[in-house]
Structure formats: C-alpha cells, structure tokens
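As structure tokens, the structure follows; a few thoughts come after it.
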C-alpha cells in the first residue's frame with residue numbers, strides 16, 4: 001500500500017511538473033510577438049527593450065506601444081523626430097516601438113487574433129477593412145475634429161482620411177504619392193540618347209544600353225508592388241484609370257487599353273527592358289544598380305528623390321512615362337501612376353489608454369508630416385504643417401511640385417487597393433509578365449479571373 | 001516494473017501529460033483546421049459556414065496544381081539526394097581506417113545547425129543573376145548563364161537542392177548512429193565468407209537500417225510537402241506563384257487575402273497528403289516485416 005502511494009505521488013509529481021512546464025510559457029509569450037519584429041535595426045532593438053510602465057494616476061508615466069516602420073531614413077527620421085516632440089508635448093507618455101515587419105500584415109493580424117494589438121499601429125487599407133469588421137480599430141472622427149486634424153488636412157488629401165463607410169479609422173501622414181520613372185541623365189548623355197517619349201524611343205534606348213552592358217531599367221520585382229507599378233505606368237498610357245479602375249471594378253482587364261498595355265509590357269520585357277533576374281531582385285540590389293550607374297532607369301515612388309539626389313546629384317532626374325506615340329505622351333503627362341491611400345496611424349479601441357492613444361496618434365501623424373517636410377524634403381504629406389525644409393528642395397522635387405497642378409488623374413499603389421484578391425493577382429501576374437515567362441494573354445486571363 | 005505496468009493509475013498519470021499536450025497542441029488545432037476550411041473565416045470575425053465552396057475553388061485554382069507538382073518534385077529530390085548521399089557518406093566515414101573521418105563527420109552536419117535564413121541568404125547570393133555561380137562560368141569564358149531562381153520551371157529544382165543540401169547532414173547523423181548499432185560480428189562473418197566491402201554493406205548495413213530509412217523517408221517526404229521557408233526567402237513563391245506549395249497557398253490566402261477559410265482548405269489537403277504518405281510508407285515497410293515474420297516461422301517449422 002505504501003509503495004502504491006509513493007508511486008502515485010511520484011507519478012503525480014511528474015504529471016504536475018510537466019503541466020507546470022507547459023503553462024509557464026505564457027508569460028514570455030506576451031513578448032514573443034514584439035521580439036519577432038526586432039530584426040530590422042539595432043536601434044529598434046534597444047527601443048523595444050524599454051519596460052512598460054503601468055498607468056496609475058494622472059501625471060504618472062504611461063507607455064503606449066506603437067507598431068510602425070523603422071527601417072530606413074525615410075521611416076527612422078520622422079519617428080525619431082516625433083518621439084522627441086512627444087517628450088515635450090506629452091512628458092508623461094513614452095512610446096514602446098515595435099518595428100513593423102515586412103510580412104503582409106501577418107504579425108499585426110496575429111496580434112489582433114490573440115487580443116494583443118498595440119495601442120497605436122500603422123494600418124494599410126487592407127488592414128483597416130479587416131479590422132473594421134472585427135471592431136479592432138477605433139473610429140477617430142471625434143478626435144480628428146477636436147485636435148484640429150481635419151482643418152490641417154490639405155484639400156487634395158481630404159478623401160484619404162475617410163474609409164468607405166465615411167468614418168476615419170487612421171490618421172494618414174502621406175499625401176498623394178506618385179510613381180516616378182527615374183533615369184540617369186549622365187548615362188543617357190554619354191550614349192547620345194534622349195529621354196524616350198514613345199515606346200519606339202524606349203526600345204532604341206534598350207538596344208543601346210544593352211549593347212553597352214548597362215541594364216536599361218532596374219526593377220525590384222521581388223516586391224509585387226514594383227512590378228504592379230511597372231504595369232501601371234504603361235496601363236495609364238492607354239487607360240487613365242490604371243489599376244485603380246480595375247480594383248474598383250469600373251474597368252475590366254479585358255478592355256482594349258489594358259490588353260494593349262499587357263502586350264506592350266510583354267514586348268518591352270522581350271526586348272530586355274528589365275534585368276533578367278528582376279523577379280528575384282530586392283530593393284537594395286536594384287537601387288544599388290541604379291545608383292552605381294549599372295542601370296539607366298529605375299521605377300520607385302517620389303520618396304526616393306532624396307536618396308537618389310544624395311548619390312547622383314544633378315545626374316538624376318525623372319521623366320514622364322513613355323507612351324505609344326507623341327500625342328499620347330503629351331496627353332498622358334497629366335495622368336500619373338500612384339496616389340494616396342487611407343493608410344496611417346490607427347488606434348486599438350481595446351487599449352487601456354485608448355483616448356490618450358488616439359490623441360498621441362494624431363500628434364505623431366502631425367510630427368511625421370513636419371519631419372518629412374523639414375528633413376526629408378518631401379512636401380507631399382497629408383497635412384499642412386506650415387514648416388519649411390532645412391535646405392532647398394531637390395531639383396526633382398521642384399519639378400514634381402511644378403507638375404502637380406497639371407495632374408488630373410492618379411491611380412493607386414498596391415497598398416491602397418481595396419480588393420485583396422485583385423491586389424494579390426495584379427502583383428503576382430505583373431511579376432509573371434516581368435519574368436518574360438508568362439504571356440500577355442495569360443496575364444489578362446488570370447487577372448480577369450480575380451476581378 | 002511489472003508492478004507499475006499493473007498499476008492503472010500510474011499508467012494513466014504517465015500518459016496524461018503527453019496525451020494532453022498532443023490533444024491541445026496537435027489534435028484539436030488539426031480538427032479546427034478542417035472545421036474552418038468549410039467557412040469564410042477571415043481570421044478575426046465569426047466564421048460563416050460555406051460548405052464545399054473553398055474546396056471547389058481550390059480544385060479550380062491553377063496554383064493548386066502547380067503547388068502539388070512543386071511539392072512532389074521537392075519531396076522526390078530531397079528524398080533521393082539526402083538518402084543517397086547520407087548513406088554513401090555515412091558508410092564512408094564508418095570505415096575506421098579512413099583518414100579525416102572526424103572532420104568529415106562534423107563538416108557534413110554543419111549545414112544542419114545553420115539557420116534556414118542564413119543558408120538561403122548564402123545560396124541566394126550564389127544563385128542570383130550576378131551571383132557566384134554565373135560569375136564562375138563567366139570566369140571560365142563560358143557564355144552559359146542561368147536565371148537559377150527566376151525560371152518558372154527550373155527554380156523549384158534549385159530550391160529543392162538548397163533544402164537537400166542543408167538537411168542531408170541530419171539524415172547522415174541518423175544513418176551513422178544506425179550503422180554504429182550494427183554488431184561488427186556480422187561484417188567479420190561476411191569477410192570470412194569472402195564478401196567484399198560493398199556487398200557487405202548492401203547485404204548487411206542497408207537491410208538492417210530499414211527502420212532508420214523508414215524514418216528518413218517519412219521526414220523527407222513530409223518535409224517536401226510542407227516546404228515553405230526556402231521558397232519564401234529565395235523566390236517569394238515567384239515568378240508568378242510558380243514556386244508555390246500548399247503551405248505557401250495557405251500563407252498567401254490567410255495573410256495577403258485575409259481568406260483563412262480558403263487557406264485552411266489548402267492546409268487540410270496538405271494534412272491529408274501527409275497522412276496518406278505516412279500510411280503508404282508504413283504499409284510498404286509493414287509488408288516487409290510481415291514477410292520476415294513469415295520467413296522466420298517457416299524456418300522454425302522446417303527446423
């Protein structure tokens with residue numbers, strides 16, 4: 001009997017210790033998700049180590065977690081500036097940065113599913129739509145009104161603040177943005193080439209550059225948005241709505257313009273416009289190719305102006321997208337690829353400090369805009385900050401600013417698209433076109449299926 | 001020991017922790033995967049039952065067939081490569097006369113301890129357009145140049161090779177351990193009978209490692225079907241989803257399209273495929289066991 005008792009106790013001890021071992025993992029699990037996102041920069045790592053302070057009474061320190069990009073100068077400079085400004089305006093508030101992972105929202109959706117959303121998070125249109133359904137995103141209409149956010153919003157960006165249902169779910173800091181077709185002026189001059197206006201001119205440039213061992217256009221096709229933009233800059237020459245109209249369903253990819261655009265892209269790919277391994281090239285590799293003079297052209301957003309100017313100085317410029325003929329080229333100067341989106345800082349309604357978080361989110365948005373104007377020389381922000389840049393705007397930005405009043409239509413970047421099935425299809429199918437291994441007919445057929 | 005085995009409470013208490021862990025972390029989630037695959041769940045909201053809609057869509061999706069083809073290619077390549085080279089290397093270093101066997105034993109295993117990300121970055125640099133491999137051909141004056149990771153049809157073979165290269169060492173370690181457990185008397189007896197080294201390994205080593213091979217086969221084939229990381233890092237599933245697998249389909253549907261129901265339908269098919277493979281492997285090896293049993297009983301009877 002005694003032995004039985006001893007053996008039973010021994011067994012129970014083993015069982016209990018095993019189960020305790022299992023449950024013991026719950027505490028570190030709370031920090032697992034943020035830790036997973038700390039891969040971007042050492043600076044970010046140190047920031048995430050900050051300890052969370054409990055809110056007790058008014059005047060005590062409150063730490064708000066914030067999930068946002070912190071990867072390069074374009075994202076680090078505004079964040080650091082906002083944190084500095086926050087210390088003065090809200091001395092009792094500290095931010096605990098969780099660096100946004102480039103994972104298609106996987107981390108944020110997982111945090112949402114487990115009820116661990118950060119207090120403030122950077123949300124794209126897709127996330128806003130998803131979290132709206134699950135009530136995990138705060139309606140910010142009142143805060144936008146009380147803080148004066150709506151008054152500071154440029155008229156051209158008013159639409160960006162509102163979601164499809166007419167509510168404000170995020171404070172956008174980026175204004176209307178544009179896909180620019182950059183080119184290396186020096187390389188064009190050295191090779192006796194003029195900026196291409198038509199696709200025939202472009203084909204000639206491709207031939208000359210390829211003959212000299214220069215990549216005509218470096219694309220970072222590993223990122224689907226870049227290949228989608230590469231298609232969009234051609235599509236907008238035939239149908240001004242571009243991929244935006246396809247996303248909204250007001251046009252079909254089987255329409256003549258879109259089919260012609262796909263065929264033209266197929267032709268340009270066959271001629272060798274992009275590097276052979278474009279679909280496995282990342283941003284750093286493609287940018288390096290362009291900045292080092294190995295590639296003559298590059299497609300990216302206007303946010304690249306600062307970096308391109310820093311490296312290439314006066315040797316870099318952007319061109320209006322080439323078109324089928326000169327008349328279309330001139331007419332198309334008013335139609336740009338790119339555009340604004342409802343993306344911005346959103347707030348977790350279940351946050352212990354939701355009201356404060358909403359105020360802080362608005363404050364940070366404002367400071368982001370200021371930093372982008374002052375230190376990134378980018379006036380294309382959502383809000384009128386009244387700030388001036390710390391030095392003169394780069395020539396390319398001046399050119400863009402002069403062009404802005406003439407722009408009559410824009411499309412969207414992929415992160416602004418609302419139909420996620422179409423978004424997925426346009427990114428992968430345009431990548432297929434860029435690879436040169438999928439035909440324009442396959443492209444049209446598969447995108448049509450997703451529409 | 002008999003006393004403990006007769007104590008039902010002891011058996012129960014020893015089994016409960018493992019059973020609970022299995023039920024909570026494996027069995028129930030798998031059941032949930034199947035259940036949610038019949039819904040339009042987006043990962044956050046309350047799911048609505050949609051019947052077979054996700055499965056019908058899945059079977060009509062060209063990427064589903066591409067994914068299955070890729071899985072098959074991937075599984076076959078890693079299985080053949082890993083089992084063949086692991087066996088050859090394990091037999092080679094099990095020869096005590098061989099010089100440098102300790103170094104080789106470590107060298108073959110090193111890729112296993114590296115992170116998959118590191119290995120993929122390494123091979124990504126070698127296989128990229130301007131990478132080491134193409135540069136090597138160039139250095140030797142050859143025009144031969146390949147878009148190793150960007151080719152619609154060939155990329156999957158290259159990705160499978162990267163996986164096989166990394167994990168060969170794992171199977172190598174298993175086979176080395178298996179060889180060590182074979183008594184040396186068998187080889188001595190074979191040598192006395194005039195058996196060559198190669199024949200001794202063919203007749204003794206390989207048959208006696210049947211259980212080890214069974215395990216290796218299961219991990220290789222199911223590993224092939226579950227493949228995701230390498231294609232995610234090396235090609236991003238591209239170009240145009242041509243290096244997708246069912247796991248990648250699941251990831252893409254869940255996180256890019258917020259369509260968990262559809263993604264879980266792909267996952268369900270993947271689970272079924274893995275289970276079928278397990279059943280087939282068990283069936284093949286069980287047949288052999290049964291044959292051996294029959295042979296033994298026949299011998300006993302004739303003796």
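Some observations on this one:
- Shown for A:415, B:148: other C-beta atoms within 10 Å of each C-beta, ranked fewest to most, produce the order A:415, B:148.
- Length-normalised contact order for chain A - Cα pairs under 8 Å, 6+ apart - percent: 23 percent
- Least to most buried among B:219, B:225 (fewest other Cβ within 10 Å first): B:219, B:225
- Distance between the range B:150-217 and the range A:149-189 - C-alpha centres, whole angstrom: 60 Å
- Each listed q (0.20, 0.22 Å⁻¹) maps to a log10 I(q)/I(0) for the range B:185-260, found by the Debye formula over equal Cα scatterers with no solvent: -0.86, -0.94.
- Chain B - Kirkwood radius from inverse mean 1/r over Cα pairs (Å): 22.9 Å
- Antiparallel bridges, percent of DSSP beta bridges restricted to the protein assembly as shown (to nearest 5): 55 percent
- Springs between Cα atoms under 10 Å define the GNM used for chain B, and in it the highest mean-square fluctuation of B:71, B:82, B:121 occurs at B:121.
- Taking a quarter of the surface of the Cα convex hull of the range A:254-299 gives a mean projected area of 3.9 nm².
- Note on the range A:252-405: percent of Cα-Cα distances in each 5 Å bin, starting at 0 and stopping at the bin with the largest distance, equals 1, 7, 11, 14, 16, 16, 13, 9, 7, 4, 1, 0.
- If you wrap the Cα atoms of the range A:103-199 in a convex hull and average its projected area over all directions, you get 10.4 nm².
- The protection proxy used here, the mean number of other Cβ atoms lying within 10 Å of each residue, ranks peptides B:229-235, A:196-202, A:277-283 as follows, highest first: A:277-283, B:229-235, A:196-202.
- Spherically averaged projected area in nm², based on the convex hull that wraps the Cα atoms of the range B:11-155: 16.9 nm²
- Computed over the range A:90-184: relative contact order in percent, which uses C-alpha pairs under 8 Å that are six or more apart: 20 percent
- Three-way shape call for the range B:87-231 based on the alpha-carbon gyration tensor, with the a/c threshold at 1.5: prolate
- With N counted as the residues of chain A, its alpha-carbon radius of gyration over 2.2 N^0.38 Å works out to 1.12.
- Taken residue by residue and averaged, Cβ atoms of other chains lying within 10 Å of the Cβ of A:104-112 number 3.
- A simple packing score, the average count of other Cβ atoms within 10 Å per residue, orders the peptides A:255-261, B:209-215 as A:255-261, B:209-215, with the highest score first.
- The range B:1-74, Cα convex hull volume normalised per residue, Å³: 177 Å³
- Across the range A:210-312, Cα-Cα pairs farther apart than 21 Å form 39% of the total.
- Folded to 0 to 90 degrees: helix A:440-450 orientation relative to chain A principal axis, Cα: 40 degrees
- A:73, A:119 arranged by Cβ crowding within 10 Å, fewest neighbours leading: A:73, A:119
- Relative to the longest principal axis of the Cα atoms of chain A, helix A:199-211 runs at roughly 80 degrees.
- Each label was represented as a point 7 Å from its Cα along the Cα-to-Cβ direction; for residue B:137 and residue B:9 these points are 7.3 nm apart.
- Shielding by partners for peptide A:276-288, expressed as the average number of C-beta atoms from other protein chains within 10 Å of each residue's C-beta, is 5.
- Exercise: per-residue mean of other protein chain Cβ atoms within 10 Å, B:20-33: 1
- Peptide ranges A:90-100, A:371-381 listed from the most packed, as the mean C-beta count within 10 angstrom indicates: A:371-381, A:90-100
- Where both bridge residues fall in chain A, DSSP classifies roughly 55% of the beta bridges as antiparallel.
- In terms of its C-alpha gyration tensor, the range A:357-451 has a prolate overall shape, because the principal axis ratio a/c (a ≥ b ≥ c, square roots of the eigenvalues) is not below 1.5 and a/b outweighs b/c.
- Computed from the Cα positions only, the extents of the protein assembly as shown along the three principal axes stand at 102, 74, 52 Å, in decreasing order.
- Comparing the range A:303-394 with the 2.2 N^0.38 Å rule of thumb, its C-alpha radius of gyration ratio is 1.51 (two decimals).
Each value in this text was obtained by applying a stated rule to the coordinates, not by laboratory testing. Here the structure is a predicted model, which means the values were calculated and not measured. We place every Cβ from the backbone using ideal geometry, glycine too, and count neighbours over all the protein chains shown.
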